[in-house]
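A.B. asks: The following block contains the structure, expressed as structure tokens.
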Amino acid sequence: MKHNNETKIVVMGAYNSGKTTTLEQICHNKAKVEYNGTTTGLDYGNIMISGEKFHFFGTPGQERFKFMRRILAEGLDGAILVVDNTNGITSTDQEIMERLDQHQIPYVVFANKQDLNPGDLEINYDAPLIPTVAQNGEGIKEGVEILIKMIKSGR
């Protein structure tokens, strides 16, 4: 995307990992497409930081919406992978990290739900790992700042 001081960041992860709640902590202006509390299309929000507009798109986590992840990932500048720390890395999370690495997209991993299962998450990728509790915003701002620095530095 990266034009006119605008940046596209996609929030990804497996079903029920906390993607929508994470996006709600980042953006005050947001829109959701959901059914019975489950994202079925996308979440969207944006924020201004130092005169630059950041667009955040949240993908659905269910496997049947895998095609939406691909559509929303077009032209992204960076990504946030939200992992449910009570479940660990799922096959969906693994696939997302592989694709981000393959395409050399800067990303951070939010080890979410630290309030339910504190501790380290083991990943085999060279991505910053940030412990978060999306419900109260713990770690979210710091993780976004790390990602923005990575995007600006080219990785």
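A.B. asks: Sort the range 54-94 into rounded, prolate or oblate with this rule: let a ≥ b ≥ c be the square roots of the eigenvalues of the Cα gyration tensor; rounded if a/c is under 1.5, and if a/c is not under 1.5, prolate when a/b is larger than b/c, oblate otherwise.
C.D. replies: oblate
A.B. asks: I'd like the Karplus ³J(HN,Hα) series for the range 85-93: coefficients 6.51, -1.76, 1.60, θ = phi - 60°, whole numbers in Hz, and an x wherever there's a Gly or Pro.
C.D. replies: 5, 6, 9, x, 6, 9, 5, 5, 4
A.B. asks: Which of these, T22, T132, T90, has the largest mean-square fluctuation under a Gaussian network model of the chain (Cα springs below 10 Å)?
C.D. replies: Maximum among the listed residues: T90.
A.B. asks: How much of the DSSP beta bridge set in the chain is antiparallel, as a percent to the nearest 5?
C.D. replies: Taking every DSSP beta bridge within the chain, about 45 percent pair in antiparallel fashion.
A.B. asks: Taking H placed 1.01 Å from N in the peptide plane, check which residues at least 5 places from A79 or on another chain put their amide H under 5 Å from its amide H.
C.D. replies: V10, Y107, V108
A.B. asks: On the protein heavy atoms, probe 1.4 angstrom, tell me the percent of accessible surface of the chain carried by carbon and sulfur.
C.D. replies: 47 percent
A.B. asks: Answer with one residue from Y125, T20, S50: the one whose Cα lies farthest towards the positive end of the charge dipole of the chain, charges on Cβ with Lys, Arg +1 and Asp, Glu -1.
C.D. replies: The residue sitting most towards the positive pole is S50.
A.B. asks: I want the local charge near T132. Using Cβ-Cβ distances under 14 Å, sum +1 for each Lys or Arg and -1 for each Asp or Glu among the other residues.
C.D. replies: My count for the surroundings of T132 gives -4.
A.B. asks: Quick one: which residues, 5+ away or cross-chain, put their amide H under 5 Å from the amide H of N16? H built at 1.01 Å from N.
C.D. replies: G61
A.B. asks: Moving to a separate point now. Charges only on Cβ, +1 for Lys and Arg, -1 for Asp and Glu: so what's the dipole of the range 71-114 about the Cα centre, in debye to the nearest 20?
C.D. replies: Dipole magnitude for the range 71-114 comes out near 140 debye.
A.B. asks: Here is a follow-up. Under 11 Å from the Cβ of K113, count the other residues' Cβ atoms, weight Lys and Arg +1, Asp and Glu -1, and hand me the total.
C.D. replies: On the way: positive: none; negative: D84, D115, E138.
Residues near K113 contribute -3 overall.
A.B. asks: Which whole-number value in Å² is the accessible area per residue of the range 1-151, probe 1.4 Å?
C.D. replies: Per-residue accessible area for the range 1-151 comes out at 50 Å².
A.B. asks: Binning every alpha carbon pair distance of the chain at 5 Å from zero, what are the percents per bin?
C.D. replies: The calculated distribution, bin by bin, is 2, 10, 21, 25, 23, 14, 5, 1, 0.
The values are calculated or read from the model by the stated rules, or taken from the named source; none is laboratory data. Please read these numbers as outputs of a predicted model, since none were measured by experiment. Neighbour counts run over all protein chains shown; Cβ positions are idealised from the backbone, glycine included. Calculation scope for accessible area: heavy atoms of the full protein, side chains included, ligands and nucleic acids excluded. Shrake-Rupley method; radii C 1.70, N 1.55, O 1.52, S 1.80 Å.
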